[in-house]
Amino acid sequence: MTSQELIWVVLAIVAVAAVAFAAVAIWRKSRVERRRRLEERFGPEYHRLMQEHGNSEQVHRELEARAKRVEKLNIKPLSDGERRSFSEAWHQAQERFVDTPLIAVRSAHDLVQQVMRARGYPVDDFEQRIADLSVEHPAVVEHYRAAHALTSRQGGQGNTEELRQAMVHYRALFGDLLGSKPENEPASRRFSPAHA
């Protein structure tokens with residue numbers, strides 16, 4: 001091999017190495033960007049799944065599949081009339097808590113499902129509801145899990161403190177689904193530990 005040929009071979013090897021290095025750098029950057037985007041969108045749900053599965057690729061596929069599923073649903077905001085009606089129903093359930101906490105919590109559970117249905121979310125399977133909600137409401141999904149766990153214990157017949165906690169958790173999800181936060185409501189309409 002001549003020195004001229006050797007130079008061309010070395011240049012070809014350097015070029016291939018440079019292209020490979022650039023490809024790896026681009027691939028790594030896209031993975032970091034994908035993680036950042038999913039972590040930002042799903043927040044606490046992203047971290048929960050990472051703890052549960054430990055495999056970032058599996059978590060990323062799961063969350064992207066959730067997002068694609070929800071994109072196909074006809075999720076819509078509530079009308080002002082629906083929002084007022086649901087808010088009033090919540091207020092009534094909240095007032096019921098003092099005398100009949102179990103009935104109030106069941107009403108809160110039913111109201112959450114009614115709001116989900118009105119918004120366009122399927123409500124048949126709890127785990128699917130959680131997955132669907134995590135796409136648009138990641139900050140309150142854990143509240144829903146907690147409320148569900150509290151009301152599932154002892155056939156939904158928990159003690160008053162557990163029922164109060166369930167009501168508070170349902171309220172967080174309810175407010176997020178409704179598009180209103182408890183702090184945006186008059187103090188007389190909020191549910192707090194003092195009301196229990």
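Read-outs: derived from the displayed coordinates by stated rules, not from any lab. Just so you know, these numbers come straight off a predicted model, no measurement behind them. Note: ideal-geometry Cβ built from the backbone for every residue, glycine included; neighbour counts use all protein chains shown.
When the scattering of region 24-94 is computed by the Debye formula from its Cα atoms alone, each counted once and equally, what is log10 I(q)/I(0) at q = 0.11, 0.21, 0.29 Å⁻¹? Computed log10 I(q)/I(0) values: -0.47, -0.90, -1.23. Screening the chain for whole DSSP H helices with an alpha carbon extent of at least 15 angstrom along the helix axis and a mean Kyte-Doolittle hydropathy of at least -0.5 yields 3-42, 101-119, 126-136, 141-152, 160-178.
Is it possible to state the helix-based mean residue ellipticity at 222 nm for the chain, with each DSSP H run of 4+ residues giving -39500 (n - 2.57), the sum divided by total residues, to the nearest 500 deg cm²/dmol? What is it?
Taken over the chain, the calculation gives -25000 deg cm²/dmol.
Normalised by 2.2 N^0.38 Å, where N is the number of residues, the alpha-carbon radius of gyration of region 46-147 equals 1.24. Provide Rg over Rh for the chain; use the alpha carbon set for both Rg and the Kirkwood Rh (inverse mean inverse pair distance). Taking Rg over the Kirkwood Rh, I get 1.27. For an R0 of 41 angstrom, estimate the FRET efficiency from the Cβ-Cβ distance between residue 72 and residue 31 and round to the nearest 0.05. Efficiency, from the Cβ-Cβ distance: 0.95. Take the convex hull of the alpha carbons in region 89-161; its mean projected area over all directions comes to 5.1 nm². Take the Cβ atoms of residue 128 and residue 24, set R0 to 45 Å, and the FRET efficiency comes out at 0.75. Extension gain for residue 55 to residue 9 (0.36 nm times residue separation, less C-alpha to C-alpha distance): 12.5 nm. Label separation (residue 161 vs residue 41): 4.0 nm, computed from points 7 Å beyond Cα along the C-beta direction.
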